[in-house]
1. Running a GNM on the chain with Cα contacts under 10 Å, which residue among Val146, Val104, Val16 ends up with the highest mean-square fluctuation?
2. For the Cα atoms of the chain, what angle does the longest principal axis make with the long axis of helix 4-19, in degrees from 0 to 90, nearest 10?
3. Residue by residue through the range 198-208, which ³J(HN,Hα) values in whole Hz follow from phi under the Karplus form 6.51 cos²θ - 1.76 cosθ + 1.60 (θ = phi - 60°), with glycine and proline marked x?
4. Take every Cα pair under 8 Å in the range 133-211 that's 6+ residues apart, average their separations, divide by the length, and report that relative contact order as a whole percent.
5. For a quick size check, give me the Cα extents of the chain along its three principal axes, largest first, whole Å.
6. Based on DSSP loop calls and a cut-off of at most 15 other Cβ atoms within 10 Å, the longest stretch of the chain free of exposed trypsin sites (Lys or Arg not before Pro) is what?
7. Please report the antiparallel percentage of DSSP beta bridges with both residues in the chain, rounded to the nearest 5.
8. GNM on the chain, C-alpha springs below 10 Å: top fluctuator among Pro107, Pro30, Pro53?
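Bear in mind these aren't lab numbers, they're just calculated from the coordinates by the rules spelled out. From a predicted model like this one, the values you see are computed outputs, not experimental measurements. Neighbour counts are summed over all protein chains in view; Cβ atoms, including those assigned to glycine, are modelled from backbone coordinates with ideal geometry.
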Amino acid sequence: MSTPRNLLRHNDLRFVSFARSLSAAEWQRPSLCTDWTNHEVLAHIVYGYQAPPVPMVTEMVRRGGSFDRANSALARQHAARHSPAGLLDDLTALIDAPRGIGRVFPPRLLLGDHVIHELDIALAIGREPDLPADALTAVLETQVRVPNPFIPARSRARGLTLHASDVGWRHGGTGPHVTGSAAHLASVLAGRPQALAHLDGDGVATLRARLCGASSE
């Protein structure tokens with residue numbers, strides 16, 4: 001069985017290949033992440049692989065102690081300094097040699113972050129997601145089982161019966177049902193309401209209500 005670290009590595013290498021196919025105009029399009037363009041989402045992924053702790057803490061102090069505001073600002077700043085092509089070159093190098101917090105951040109959470117942000121980019125420009133089933137299944141399992149202080153996916157899934165019909169993944173069994181592709185389920189659990197239209201079942205209304213007012217960064 002693949003370890004989270006191996007899943008992360010293989011998925012990131014595949015993501016780089018996908019990302020190099022985007023045009024300059026597509027990089028400037030708004031992503032599914034609030035306030036971020038696709039370029040800024042890419043910058044966030046790359047920055048997370050190399051961020052030294054001190055600048056993050058400093059930015060949080062500047063932003064009133066808010067991690068979300070600091071995270072958003074740092075991504076925009078990093079995108080302003082680096083082109084998409086340069087960021088992808090950096091990412092390719094960092095996959096096997098992460099620095100800063102990228103060296104200690106749990107691989108399963110980092111995989112989830114990278115998969116969700118790839119969906120933020122792909123779905124925003126009308127691309128059909130082409131993520132490996134094992135990576136998507138691992139992300140869904142993490143979302144419904146592992147507490148995440150930044151993205152409350154587990155609480156959004158609580159009490160629901162979820163079925164990713166394309167990869168054969170299921171969670172729950174007695175609550176209202178939600179069925180869809182693994183990519184769309186993962187995107188919604190991460191707080192992206194745009195993918196709700198691709199889900200079916202009597203539990204979709206519950207998910208929609210739980211997403212109201214939620215952050216999508």
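1. In the Gaussian network model the winner is Val104.
2. Compared with the principal axis, the helix lies near 70 degrees.
3. 9, 9, 10, x, 6, x, 4, 4, 5, 4, 4
4. Values: 136 pairs, mean separation 21.0, N = 79.
Averaging sequence separation for qualifying contacts and normalising by length gives 27 percent for the range 133-211.
5. 48, 37, 35
6. 21-98
7. The antiparallel proportion sits near 55 percent.
8. Pro53
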